[in-house]
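What follows is one structure encoded as structure tokens, with my remarks underneath.
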Amino acid sequence: MNLPRALIVSTKEGKAKEIAESIGAKRLSEEDKIVDYLWNIDNKYYTSQILVRAVENLSHKLPVEEVDALIVYHDPQADKLDQELEQLTSLATSLTAAEVLLFSCRAISDSPLRDKVLHWCLHYKFELVELEQTGDSECDTEGNKYGIERIIEALHAHMWSNIVLKDKSCMGQASEVNEIEEQFENIRLTRDPMETLRMQDVLDGIMGDENADFGELYGQLMAMKEHAASLPTNERRLVAEQVVTAFWKAMGGDLLEIED
């Protein structure tokens with residue numbers, strides 16, 4: 001099956017399959033302890049089919065070829081953390097082509113342990129996704145998604161090779177454009193801040209294009225979000241307004257409809 005691939009690897013038996021099924025993937029087959037799922041993405045902007053492969057053992061020979069997204073499930077333990085992260089590092093460095101990198105686990109209440117895991121995630125460009133919401137979580141104050149919803153959101157944001165964009169007429173509503181603005185204002189920094197600075201030229205180029213096509217804009221959405229993540233709140237809001245304006249114009253909307 002020649003489809004873009006997402007790999008889910010778990011150090012806890014059953015978690016990889018649980019995540020695959022929780023995002024809505026349908027089981028296809030199992031061979032040599034690798035369970036294959038078909039995931040049909042159908043959101044407001046595009047449709048796509050993804051082959052999701054679930055493996056429950058990190059030491060198993062992993063199908064790392066042509067993987068676009070990697071989701072690791074691991075519950076870190078303080079007394080074994082260095083050894084555990086060393087093992088995960090080997091996996092992370094073997095998947096140089098994967099663009100979506102997620103480290104999922106239960107909520108980490110131990111602050112020093114969480115800091116170490118976050119440091120590792122930042123170094124290897126993973127986003128930490130805790131499957132339960134903690135009391136002081138950023139999700140409470142900024143409206144960010146967490147757990148399975150965040151995993152789905154991150155995967156939906158990726159530009160899969162077989163994306164089929166939906167017709168503009170299906171999306172030309174002001175409320176949907178407002179959602180794009182909200183995403184920018186609530187964005188979390190998931191990559192190395194130095195990398196986001198390199199996106200400035202991309203953002204400036206798109207914002208200055210009077211005839212930008214919706215498909216082209218969508219193709220650059222993640223680059224723009226990465227750039228916005230490095231900005232302070234007030235500047236991030238300004239970028240959000242610029243992006244909303246560009247999307248609205250590309251969909252043929254009247255600028256008067258989205259002005260305050």
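A short reminder: the numbers here are calculations on the coordinates, not readings from a lab. Since we're looking at a predicted model, the values are computed, not measured.
Computed extension gain for residue 133 through residue 30, at 0.36 nm per residue and net of the alpha carbon distance, reaches 33.9 nm.
If the chain linking residue 38 and residue 159 were pulled fully straight, counting 0.36 nm for each residue of separation and taking away their Cα-Cα distance, it would gain 41.8 nm.
The largest-to-smallest principal axis extents of the Cα set in region 5-156 are 40, 36, 26 Å. Karplus-derived 3J(HN,Hα) values for region 35-47, using 6.51 cos²θ - 1.76 cosθ + 1.60 with θ = phi - 60°, are 9, 9, 10, 10, 10, 8, 8, 9, 10, 5, 10, 7, 10 Hz; glycine and proline are entered as x. Taking amide hydrogens as placed 1.01 Å from N in the peptide plane, the amide H of residue 66 sits under 5 Å from that of no residue at least 5 positions away in sequence or on another chain.
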